[in-house]
Amino acid sequence: MHVSGDHFLGMLPEWFWSPTNQEETVIRMRLIPAIISGLHRCVVALAESGINLIVDHVLQEKGWLEECVGYWDGLDVLFVGVKCPLEIAEQREKERDDRNVGTARYQYERVHAHGLYDVEVDTSTLTVDECVTRITELVKKKPTKAAFRELGKSMQGITAPS
């Protein structure tokens with residue numbers, strides 16, 4: 001099952017993306033963290049139900065990674081870094097009609113700040129099929145030292161909110 005932040009945010013009403021007054025802006029700023037936290041909790045529920053997941057998530061806020069590490073403790077997580085040079089990310093952003101220009105630059109350093117993945121793929125040098133092959137080869141090997149667990153150890157004392 002494919003689960004993504006875009007899917008969750010796509011369930012919001014039209015006005016959410018273009019607030020017309022201060023009240024809507026405040027609601028928007030309050031809802032985003034709650035929605036992302038809900039995504040993290042849904043991943044747990046689905047995984048604990050025995051469903052294999054591909055979670056497509058941009059962990060642009062440090063707290064989001066910390067929350068995932070806390071909530072997903074005990075789950076079998078293969079942490080994949082999907083990367084490309086900033087110039088290419090910005091060009092792709094301009095070519096899509098569903099992105100705000102500037103988001104790629106905002107996210108670029110933030111999403112990979114922790115620097116630890118089980119596997120990294122560079123979409124500027126690899127085809128989609130090559131990326132998938134690298135990831136599935138690692139899944140088949142069933143790595144014993146998972147990056148997500150290592151991140152959890154480095155964040156000891158950080159637990160998921162109750």
Given the structure, is Phe79 within 27 Å of Val128 (Cα to Cα) and not assigned by TED's automatic domain parsing to the domain that holds Thr133? no
With the structure loaded, tell me whether Glu137 is at pLDDT 95 or above, surrounded by fewer than 16 Cβ atoms within 10 Å (Cβ to Cβ) and over 30 Å from Trp17 (Cα atoms) or whether it fails that test. no
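The values are calculated or read from the model by the stated rules, or taken from the named source; none is laboratory data. None of these values were measured; they are calculated from a predicted model. Every residue, glycine as well, gets a Cβ built from its backbone with ideal geometry; the counts of neighbours run over all protein chains shown.
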